[in-house]
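The values are calculated or read from the model by the stated rules, or taken from the named source; none is laboratory data. Keep in mind that what you see is a predicted model, and the values were worked out from it rather than measured. Heads up, the Cβs are rebuilt from the backbone with ideal geometry, glycines too, and the neighbour counts pull from every protein chain shown.
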Amino acid sequence: MKIDNSLPLEYSTEENRLKILGFWIFLGAEIMLFGTLFASYFTLVDRTAGGPDGAEIFKITPVLIETIVLLTSSFTIGLAIHAMRLGKKKAMLAFLGVTLLLGAGFLGVEIYEFVHYVHEGAGIQTSAFTSILLTTLGTHGAHVTLGFFWGLFILLQVKKRGLTPETANKSFIFSLYWHFLDVVWIFIFSFIYLKGMM
Amino acid sequence: MKELFPAKQVMGFVFSLILTAVALLVYFMDMSFELGMTVLLVTAFIQAGLQLVVFMHAGESEDKAAIYTNVYYGLFIALVTIFGTLLCMIWGYI
Amino acid sequence: MDFFDRFAIPHPSPAIYASMVAIGLTMIAVLAGLTYFKKWGYLWREWLTTVDHKRIGIMYLISALLMLFRGGVDAIMLRAQLATPDAKLLDAQHYNEIFSTHGVVMILFMAMPFIMALMNFVVPLQIGARDVAFPRLNALSFWLFFMGAMLFNISFVIGGSPDAGWTSYFPLAGNEFSESVGTNYYMIAIQIAGIGTLMTGINFMTTILKMRAPGMTLMKMPMFTWSSLVANVIIVFAFPVLTVALAMGTMDRLFGTNFFTTDNGGMDMLWANLFWVWGHPEVYILILPAFGIYSEIISTFARRNLYGYKSMVFSMVIIAGYSFLVWAHHFFTMGQGALTNSIFSITTMAIAVPTGVKIFNWLFTLWKGKIEITTPMLYAILFIPLFTIGGVTGVMLAMSAADYQYHNTMFLVAHFHNVIIPGVVFAMLAGLTYYWPKMFGFMLNEKLGKWAAWLLSIGFLLAFMPMYITGLDGQARRMYTYSESTGYGPLNMVSFIGALIMAVGFAVIVYNIYYSIRYASRDISADPWDARTLEWATHTPVPEYNFAVVPQVNSIEAYWDSKKKGQVLFKDKYEKIHMPNSSGVPFIMGCIFFAWGFSFVFGLWVPLILTTIGIFVCMALRSFEKDHGHYISVEEVEETETKLRGAK
């Protein structure tokens, strides 16, 4: 492996640079994935078939908690990458750990929210609206869950192997993924929740 | 020592909290649908751009052009899909 | 016994039982053969675990040819049923199953892998790279595609075929009207193959953007590479739509959601909408690489550089953008207003412009060229007029008001076969013949090749031109029979004869492969066609590392200029070469995905959960794995190079 020391660790080998660009392209595909879900959501949002609509089941408190938690986790993963670039392994691990805890917290609130919806009579089979609502939120939630385990594996690897071109590369790519999930959440927050409660 | 303080990240975080607060006005204030949607569109897209540039470092590598083209193209196609679908499925029937 | 009842065929026929027996016997024969000739180790080491783009390309090729056979048999059955009025060869249910599988197999499991085959084999060679960006991912893409295709194909012997058309429109595809598991197969098999395709898209975009030989700027890339780049961009942005649509369809069928149902607010038209948001770009994913192949072949055998390189590139980029703006023309009759239809009508007509630019560029390349009619060139020359007819009828269909007349008739069927057969299938056969010597070290017989090309063209014209007429007369597609009084009989008989002639054409190709394996000379040069681009600058057979020294490029036709103008391609000395390691994980993951899909189709929840865990375990293991590849030493490279040069 040729290592180019003039670049940050995560960019230092050709393989690393390929992986970063490849992941950006994957994020392009993810934009389309969520774009399609939003297209379906906007099409089906008024088709409640006598079941509850958004205004009836959305509650501002859990949504706000989720938003703040996820925004903060996006900030802490940014700090983790900043620490990584300064070569501070411990700080990096701490921030990564905090990010994952916040991610778990987000998931906890989301699960509470889902239980609440089902309680209110808005299960996934109730109407076209509830089907697409829970699917869109669920797809984002599944991404966060996957990210949680992925981040955990990276944390273990950095802890064991230190900051090498490979682990730095994985951490950086993970940070891209995590920020992207935050971006998706912003759109969910604005155009599903706030629009629904407006 | 200056380098140690993550000024960029902190500013980004503060800014994103402010944008969230502005978006929340839609909930707490009585707005027309058009005005509300405008506020949401503006805050959401600024916030997304912020994440992209400040946190994701989209423009830092030699592949800057490819990355931006990719993201903008994806965004364009996604918007075309959303509005085209609405055109075909809802608005087109009027 | 209730448990096993679900695997029974809902609409059995002697033909299906015969196929079951045939599949069983073939599998036993293959397993026995592998054991008898002690080829298990070879198969595992050299093929199942390979990450080499050339071998993956050849595996795609074999799959595509197998699927071409399957889809072709379907086609013959369909045409035989329609050859005479009130025929009783197939009943309505079997006819439905056959046209559904014919469509899916031909588009997704024949045309797609055929393109992937050529892309995998050619693109890294054409840009002077040693492999693709992510070789392991490439292997996984192949195995996902392959397992998806196999899962789809077993449907007709276990549980029943999909029967709601290749478009699988709801509510027909919903539980109410499609009770058998057939449509589950459709949703899940295509999902698995689709994920593989998406990964290929990401892989090849990265490869082409980052791994070109020094000096090869974007505007110096060979045309096939350009077309592959554009096609992969479309893959990356179109396939997620299919992923979502299929997931929603699956949930409707298995979890009782209400996306596309007709009650509880569901909207069946949304499926058609999402399907075509993916489906129309998919058409361009197929045709653009085909255009790339034709560009390579036409400039090689006209012995001159491609006319209008820049306009070729720009027209492809424009097509890539437009391809996402036209999808509603597939359902003009669904009930949108005149404004919506007009918008999509105009965008659709506009897309004919860049396509027309390409046609003229090929004609101008031929103009004043020293044309040499080889088999690939024959296909290319037949393609231009035949494809243009398809393009023109496409513009007819684009007029939304007139489309009310054409919609769902044989006219449409004639149109899309008219663009796909001369456009994609001829291109793939031309590409197969053109790259065959690079892949296998001998050439296919020219005389037999030309016979096949003519048979296919004549058969094609006989089979599909009559459909334009019967379509305008009102013969509906997907109807299993018609009465004598309609008067469609004679023209449908002509179509059947055409289909038979095409079948003979394909048989000649198969015979050609057999004949050439036995009799063709193995003593050919590395550049038997006197071609122009980098893939011909390396040895035949291509060594594992493709190029001993990375080529230096400073023109579009780097190899041609090195032959004629004395440009030096290989400047450096040998160095040790870094190569990726083989891995069995992609194949194993593919197998788990197959079991996952099968469990999903039948709603076997326990195996479904176990296989899901299996998939995640594979991914977790990959995360922790340390795999740095291996090096080929300078001595080894020297040895291989001397040997290959001697063999020339």
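Just to be sure, is residue A:166 surrounded by fewer than 19 Cβ atoms within 10 Å (Cβ to Cβ) and acidic (Asp, Glu)? No; evaluated as a whole, the condition is false for this residue. Of all residues in region C:307-342, how many are on the phi < 0 side of the Ramachandran plot and part of a loop (DSSP other than H, G, I, E, B)? Number of matching residues: 7. When residue C:562 is tested against (1) free of Cβ contacts under 8 Å to residues at least 24 places away in the same chain; (2) crowded, with 19+ Cβ neighbours inside 10 Å; (3) among the hydroxyl-bearing types (Ser, Thr, Tyr), exactly one condition is not met: (1). Screening the candidates C:432, C:455 for the property of being surrounded by fewer than 24 Cβ atoms within 10 Å (Cβ to Cβ), assigned to a helix (DSSP H, G or I) and of a type outside the set (Ser, Thr, Tyr) yields one hit, C:455.
State yes or no: is residue C:597 more than 13 Å from every other protein chain (Cβ to nearest Cβ) and under 21 Å from residue C:250 (Cβ atoms)? So residue C:597 fits the description; yes.
Residues in region A:181-198 that are facing another protein chain (nearest Cβ under 7 Å) and more than 16 Å from the chain's Cα centre (by Cα) were compared, and the one that is surrounded by the fewest Cβ atoms within 10 Å (Cβ to Cβ) is A:197. If you go through region A:62-75 and pick out every residue that is facing chain B (nearest Cβ under 9 Å) and touching a residue at least 12 places away in the same chain (Cβ under 8 Å), you end up with 4. From the list C:333, C:355, the one residue that fits, being closer than 30 Å to residue B:85 by Cβ, among the hydroxyl-bearing types (Ser, Thr, Tyr), at pLDDT below 95 and surrounded by 21 or more Cβ atoms within 10 Å (Cβ to Cβ), is C:355. Taking residues in region B:41-55 that are facing chain A (nearest Cβ under 8 Å) and closer than 15 Å to residue A:72 by Cα, and partners anywhere that are among the basic types (Lys, Arg) and surrounded by fewer than 20 Cβ atoms within 10 Å (Cβ to Cβ), the pairs with Cβ atoms closer than 8 Å and at least 6 places apart or on different chains are B:54/B:8. Among the residues making up region C:277-333, those that are within 14 Å of another protein chain (Cβ to nearest Cβ), touching a Ser or Thr at 6+ places or on another chain (Cβ under 6 Å) and of a type in the set (Val, Ile, Thr) are C:277, C:326.
Condition check for residue C:546 on (1) over 28 Å from residue C:149 (Cα atoms); (2) in contact with a Lys or Arg (Cβ under 7 Å, 6 or more places away or on another chain); (3) outside any loop (DSSP other than H, G, I, E, B): one failure, at (3). Scanning region C:471-490 for residues that are of a type in the set (Ser, Thr, Tyr) and touching a Ser or Thr at 6+ places or on another chain (Cβ under 8 Å) returns a single hit, C:488. Contact annotation: residue pairs with Cβ atoms under 8 Å, 6 or more positions apart or on different chains, pairing a residue in region C:9-36 that is touching a residue at least 12 places away in the same chain (Cβ under 8 Å) with a partner that is assigned to a helix (DSSP H, G or I) and of a type outside the set (S, T, N, Q), are C:9/C:16; C:11/C:94; C:11/C:97; C:13/C:94.
The listed residues are A:93, A:137, A:152, and the only one of them that is at pLDDT 95 or above, hydrophobic (A, V, I, L, M, F, W, C) and closer than 27 Å to residue B:42 by Cα turns out to be A:137. In this structure, residue A:145 does not qualify as more than 23 Å from residue A:55 (Cβ to Cβ), surrounded by fewer than 22 Cβ atoms within 10 Å (Cβ to Cβ) and in contact (Cβ under 8 Å) with a residue 40 or more places away in the chain.
Residues being touching a residue at least 12 places away in the same chain (Cβ under 8 Å), within 14 Å of chain C (Cβ to nearest Cβ) and in a helix (DSSP H, G or I) are represented in region A:44-51 by at least one member. Within the option set C:190, C:195, being closer than 24 Å to residue A:134 by Cα and surrounded by fewer than 23 Cβ atoms within 10 Å (Cβ to Cβ) holds for one residue only, C:195.
Can you say whether residue C:322 is surrounded by fewer than 23 Cβ atoms within 10 Å (Cβ to Cβ), farther than 17 Å from residue C:533 by Cα and either in contact (Cβ under 8 Å) with a residue 24 or more places away in the chain or assigned by TED's automatic domain parsing to the domain that holds residue C:431 (or both), as far as the supplied structure shows? Judged against the criteria, residue C:322 is a match. Within the set B:89, B:37, the sole residue that is surrounded by 13 or more Cβ atoms within 10 Å (Cβ to Cβ) and touching a Leu at 6+ places or on another chain (Cβ under 8 Å) turns out to be B:89. Of the residues making up region C:549-558, those that are in contact with a Lys or Arg (Cβ under 6 Å, 6 or more places away or on another chain) and part of a helix (DSSP H, G or I) number 0.
Residues in region C:169-216 that are small (Gly, Ala, Ser) and either in a loop (DSSP other than H, G, I, E, B) or away from chain A (no Cβ under 14 Å) (or both): C:173, C:174, C:178, C:180, C:182, C:189, C:193, C:213, C:215. Scanning region C:265-276 finds one or more residues that are within 11 Å of chain A (Cβ to nearest Cβ), among the small types (Gly, Ala, Ser) and surrounded by 22 or more Cβ atoms within 10 Å (Cβ to Cβ).
Kindly provide the set of residues from region C:370-409 that are in contact with a Ser or Thr (Cβ under 7 Å, 6 or more places away or on another chain), within 30 Å of residue C:339 (Cβ to Cβ) and hydrophobic (A, V, I, L, M, F, W, C), ordered by number. The answer is C:398, C:399. Candidates in region B:56-83 are the residues that are β-branched (Val, Ile, Thr) and under 14 Å from residue A:25 (Cβ atoms); of these, the one that is nearest to the chain's Cα centre (by Cα) is B:71.
Checking each residue in region B:55-70 for being part of a helix (DSSP H, G or I) and surrounded by fewer than 20 Cβ atoms within 10 Å (Cβ to Cβ) picks out B:64, B:65, B:66, B:68, B:69. Of the residues C:550, C:617, C:568, the single one that is without any contact (Cβ under 8 Å) to a residue 24 or more places away in the chain and within 14 Å of another protein chain (Cβ to nearest Cβ) is C:617.
When B:16, B:61, B:32 are checked against the criterion of being at the interface with chain A (Cβ under 7 Å from one of its Cβ atoms), farther than 25 Å from residue A:11 by Cα and not aliphatic (A, V, I, L, M), B:16 stands alone in meeting it.
Cβ-Cβ distances below 6 Å connect the following pairs, each with a first residue in region C:236-262 that is in contact (Cβ under 8 Å) with a residue 60 or more places away in the chain and within 8 Å of chain A (Cβ to nearest Cβ), a second residue that is β-branched (Val, Ile, Thr) and assigned to a helix (DSSP H, G or I), and a separation of six or more residues or different chains: C:237/B:77.
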